[in-house]
Structures are given as C-alpha cells and as structure tokens.
Amino acid sequence: MRYDTTPQFSANRIARLGVTVRARVTSLLLLVIVGGALLGTAACGSDPEVVRAVPTFPSSDHAGANAPKPRDTLLPADCETVFSGVDMSALLGQPVDSIKAKAVVGVSAPAVGRLEKVTCLYRRSATKAGPPDVDLNLYAYTDSQAADHHTDTNIAAERANSHSVDPLSIGTARAVMLAQDGQSMLFVVNGRSAVCLIMRNGVVPDDQMRPIMVDLAQRVLPNLAPEPAPSPTVEPR
C-alpha cells in the first residue's frame, strides 16, 4: 500500500503561518531602524529602563538674553529657546545660520527622579553623516538630591571610556569635564537641573574646546528648571 507523504496544510494554518512570518520580519526591521537611529547619537551615561536655584555668574552681555521665559514645562520645549542654531554658529565661529538644531523630547524616569529631558542636536551643514557635532542634553529632576545622584551615576558610567576626568565649577554649578576618543563631555549639575554636553573633536580647535563648552553651559543654565516653590508655612493659632 502506498501512502501520500506530502504535508497537508489547511487554509487557516497557512494564513496563520503567513501572519507569523510577517510579524517576525516587521520586528527585525524595527530593530534595524532603531539600531541605526541610536548609532547617530551619543549617550550621556546610563539611563534607566522606562516605558534651581539660578546660578550666579559674572555679569556678561548675554546674561539678560537667556533669562527664563514663562512656560508650562520645567525645560524649554524647543532648541531655539535653549540655544538657537544661529547662536551656535556664532559661538563655534561658523558661517551665519550654517548650523541646524533638532530637538528630541525624552521621557521621564521616575526611578531616578527625572521629570523631563530635552536633547538638542546641532549639525554643521558640512557634516552630512554620523553623530551631530554638538549634543546638548538637558534634565529636570524632582529635587537637587536626585539631580546630583543621577549625574554622578552618569559620570561614573563614562569614566572607563575617558582619558581624563577634570572637576571644575561654573559659577555656583558643579561640573566635570571628560576627554574621550573623538569627543569631550561636560556634565553640569545645578539645583534640580543638569546638563550633559558632548562636542566632537575637530568642531573647534583643541585648545578652545573647554572654554567654549563651559561658555555654552553658562548660557544655558539660567534657562533651566527653577527650584520648587517652598510650601507655605501655617502659623499656629
């Protein structure tokens, strides 16, 4: 007796197999897309898995221009408010309006007390591919203790990849500069606000990188999250 050994599949099973294959292909494509996007940016330390007092600086010509403006968020929602592409062009000695700014609004991270995150990516017109020339990350936390702790955690995560780690002060703000392969990083924490600034090598002369990064942080800090208003005291009757 002969038996038919050809596999038998029902129409329903074939349909289910088709859905499964399409779903797996879609998942792989999403991983490739996300992975490619991440290659274009740099991390400022470690981030958890989730899903101020205004500093005192020496008087300067640009201090008044960066005074905080009324808004519904702790951090500015767009890079033009933080530091525009025109301003960045001037700071880096580039042709007028040759640097474009792109804003990326991050998610909150309750586990570390982070309420808001905004990233501004600056790219020169001559930089066609790769990471941005300047990566400015802004953070707002529940309080100064959360800002200090998370900033220190991020600095510790970057130490292993750094050639030098130099503590410094920017007005009343605490800062740390790290030199790495191809870039420098500046972490600044002040009250319940923090900044992580990344600048690629070659954007400015090596001897100007630190003063320019410090200057940029000094301009940005006054426009970040203010300290929470103190709770009203109730006088005993």
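Assorted remarks:
- For the range 97-168, the average shadow cast by the Cα convex hull is 6.7 nm², which is a quarter of the hull's surface.
- Once the Kirkwood radius over Cα pairs is known for the range 127-168, the Stokes-Einstein relation at 10 °C and 1.306 mPa s delivers a diffusion coefficient of 124 µm²/s.
- Using θ = phi - 60° and Karplus 6.51 cos²θ - 1.76 cosθ + 1.60, couplings along the range 123-133 (whole Hz; Gly, Pro as x): 9, 6, 4, 7, 8, 8, 9, x, x, x, 6
- Summing charges over neighbours of Thr127, with a neighbour being any other residue whose Cβ is under 12 Å away from its Cβ, gives +4 when K and R count +1 and D and E count -1.
- Amide H contacts of Gln180 (H built 1.01 Å from N, in plane; Pro and chain starts excluded): His163, Met185 sit under 5 Å, all sequence-distant by 5 or more or on other chains.
- A convex hull fitted around the alpha carbon atoms of the range 99-237 yields 135 Å³ per residue.
- Put a dot 7 Å past the Cα of Thr153, heading toward its Cβ, do the same for Ala126, and the two dots end up 4.0 nm apart.
No value in this document is a laboratory result; all are computed from the given coordinates. No experiment lies behind these values; they were computed from the predicted model shown. Counting neighbours? That spans all protein chains shown, and the Cβs are built from the backbone with ideal geometry, glycine included.
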